[in-house]
Structure formats: C-alpha cells, structure tokens
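S.K.: Below you'll find the structure I mean.
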C-alpha cells in the first residue's frame, strides 16, 4: 500500500467522460450505498463508502478518516479528496475498474493500482 492509501482514490479519466455518481450503473452499481472493504493483509483494512450523491468516506488502516467526491463510468472510478486537505498532487486519483458486475456479499482478489495484492469485499450497507 502506498502513501496515498486510497485504493479507491481516483480522477483524470472521469473528466474525459463525466458521468454522474448518482446514476451509478454498470460496474460500480453494487458499491454505491454499500461498503467496500479492502484487505491489505498485514497492513490492515481500508473501508470505502460511496454515496449516491457523489461523496465518499474512507477509513484507512491508519484510522485517519478521508472524504471527498467520486465519479465513475464503466471503465474508471475516480476520487477527489477534500478532507483532510491533501498535499499538492495527492488530491485526485483514478483507477481502472477491475471488478465489473460484482454483487453485494462477493469477495475477490486483485492487484491495486500500485501493484499491491488486495482482497475486496462488498458489504451491504454503510
């Protein structure tokens, strides 16, 4: 896990095809209104909550909450961190969606954008 920790902290690609978070259909639909739990093994777990209004909250293993706004299309999910105020160049991040069509309750393994192995679960509710 890298310093910005945001497995799901993402932005450039979303600016190309600006979708609305509230209409989250397709690849991210199951995540909206639920909780993504990203398990980094010995480094700890990150929880990521996407809200239909386009906001998100995240709790990294460090225990320091992070929040901001998110956008997604069928290929990329991006976030813009607003709290705490990020260091220059660390406010936004986009990641390719590697888990299309997952459902609430599913768990799978993948590699995050930094090349770190993670296990992700979509848990019902926030």
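The values are calculated or read from the model by the stated rules, or taken from the named source; none is laboratory data. Model, not experiment: these values are computed from the prediction. For neighbour counting, all protein chains shown are included, and Cβ atoms are generated from backbone atoms with ideal geometry for every residue, glycine included.
S.K.: Tell me which of these residue 117 doesn't satisfy, since it passes every other one: (1) closer than 18 Å to residue 34 by Cβ; (2) in contact with a helix residue (DSSP H, G or I) (Cβ under 8 Å, 6 or more places away or on another chain).
M.R.: For residue 117, the failing item is (1).
S.K.: I would also like to ask the following. In the set 17, 13, which member is at pLDDT below 50, surrounded by fewer than 21 Cβ atoms within 10 Å (Cβ to Cβ) and touching a strand residue (DSSP E or B) at 6+ places or on another chain (Cβ under 6 Å)? Show your work before the answer.
M.R.: Numbers: 17 fails: touching a strand residue (DSSP E or B) at 6+ places or on another chain (Cβ under 6 Å).
Just one listed residue meets the conditions, 13.
S.K.: On to the next question. Take the residues in the stretch 65-85 that are out of contact with any helix residue (DSSP H, G or I) (no Cβ under 8 Å at 6 or more places or on another chain) and touching a residue at least 60 places away in the same chain (Cβ under 8 Å); name whichever of them is surrounded by the most Cβ atoms within 10 Å (Cβ to Cβ).
M.R.: Taking the stretch 65-85 and keeping what is out of contact with any helix residue (DSSP H, G or I) (no Cβ under 8 Å at 6 or more places or on another chain), we get 65-68, 79-85.
Remaining after also requiring touching a residue at least 60 places away in the same chain (Cβ under 8 Å): 66, 79-81.
On the way: 66: 22, 79: 29, 80: 18, 81: 23.
Among those that are out of contact with any helix residue (DSSP H, G or I) (no Cβ under 8 Å at 6 or more places or on another chain) and touching a residue at least 60 places away in the same chain (Cβ under 8 Å), it is 79.
S.K.: If you don't mind, another one. For residues that are under 22 Å from residue 105 (Cα atoms) and assigned to a helix (DSSP H, G or I), scanning just the stretch 23-75, find the one that is modelled with the lowest pLDDT.
M.R.: 23
S.K.: Yes or no: residue 62 in contact (Cβ under 8 Å) with a residue 24 or more places away in the chain and farther than 20 Å from residue 121 by Cα?
M.R.: In short, no.
S.K.: Given the options 84, 88, name the one that is more than 15 Å from the chain's Cα centre (by Cα) and farther than 20 Å from residue 45 by Cα. Show your work before the answer.
M.R.: On the way: 84 fails: farther than 20 Å from residue 45 by Cα.
Going through 84, 88 in turn, just one is more than 15 Å from the chain's Cα centre (by Cα) and farther than 20 Å from residue 45 by Cα: 88.
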